[in-house]
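So the structure is just underneath, and the comments pick up after that.
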Amino acid sequence: MEWLTCIRTAIDYMEKHLEDNVTAQDVADQVYMSPFFFQKGFSLMTGYGMGEYIRNRRLYMAALDLQNTDEKIIDIAFRYCYETPESFTKAFSRFHGASPSQVREGALIKPFLPLTIEISIHGGNQMDYKIKTMSGFKVIGFQKTFDSETAYTEVPKFWTELGQKYANNVWNGKEPSTEYEKAIVDNRIGEYGVCVDDIGGSKFRYLIAGKYNGGDVPDGMCVYELPESDWAVFDCYGPCPQSLQSTNTKIFKEWLPGNPDFEFPGKVNVEWYDEGNPTASNYHSSIWIPVKKK
């Protein structure tokens, strides 16, 4: 199923279930994708996170109900899946700039109509990539859970936090003096960023990692095994994270949609980082997407 069809099918499903507690898994199941890949593609192609889109549509429909019916505010709140009138009023007021009571009295509302998807998608061989077969291997690193809707801003913060707490000394060439610094040096932690979609919903695990060479695993670190796979490898050149995020966006807009050659069976994708200054104009990184020949 190509992306244009996927997005339209997902929007139709969400529109029919605005009054139900649908999850990212529910929507992704309609288009036969993992929630992680679907939500990333939906956000990049529409400009809205899936959860944000559903919230905005519910709040717009709730405003129409307030304008056109005499139903109690609490009943409207419950219909659109808010657990309390207070949480509904807070979200409603933030979105519309007026409270439910004010809208009932004639205040203006903010329209948010269903998305109409008319996108020109160019799939296939529009991007420079190579296919590599790689044996399975283990990585070791530091892990944190992220939400797909905020990952582009939050993951770079994780790198900064980890550097300040554990890694900056050895990343800058100093000898390791703690068990964490030793693990970072021994396993070249920082070479990989690994996204693992095994939680469900809009959440995924992200590891700042290196290839595990055995030895102790300090508290707070973990080991994850990457499976043997064919990988589509996309090279990125330029300062990080901008060049990497730009390439990632192009992958989901230009290469994945309706790809005639590959299926995407994995729940993992990998960022690879070269040595050197990541802010340099010619810095080299890459994105690995697991693929299966059709």
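The values are calculated or read from the model by the stated rules, or taken from the named source; none is laboratory data. Since this is a predicted model, take the numbers as computed values, not measurements. Neighbour counts run over all protein chains shown; Cβ positions are idealised from the backbone, glycine included. SASA here: full protein model, heavy atoms, side chains in, ligands and nucleic acids out. Shrake-Rupley method; radii C 1.70, N 1.55, O 1.52, S 1.80 Å.
Structure summary
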quantity: Estimated [θ] at 222 nm from DSSP helical runs (n ≥ 4, -39500 (n - 2.57)) normalised by residues in the chain, nearest 500; calculated: -11000 deg cm²/dmol
quantity: Rounded accessible area per residue of the stretch 10-135, 1.4 Å, Å²; calculated: 54 Å²
quantity: Angle between the chain longest axis and helix 50-68 axis [Cα atoms, degrees, rounded to 10]; calculated: 10 degrees
quantity: Accessible area per residue in Å² at 1.4 Å probe, computed on the stretch 204-273; calculated: 43 Å²
quantity: Globularity index of the chain, i.e. its alpha-carbon radius of gyration over 2.2 N^0.38 Å; calculated: 1.17
quantity: Estimated Rh, the stretch 226-294: Kirkwood, alpha-carbon pairs, angstrom; calculated: 12.8 Å
quantity: Estimated FRET transfer efficiency when R0 is 35 angstrom, pair ARG8-TRP171 (beta carbons, to 0.05); calculated: 0.20
quantity: Carbon/sulfur fraction of accessible area - the chain, other protein chains in place, 1.4 Å, %; calculated: 47 percent
quantity: Proximal charge balance of ASP197 [Cβ under 11 Å; K/R count +1, D/E count -1]; calculated: +3
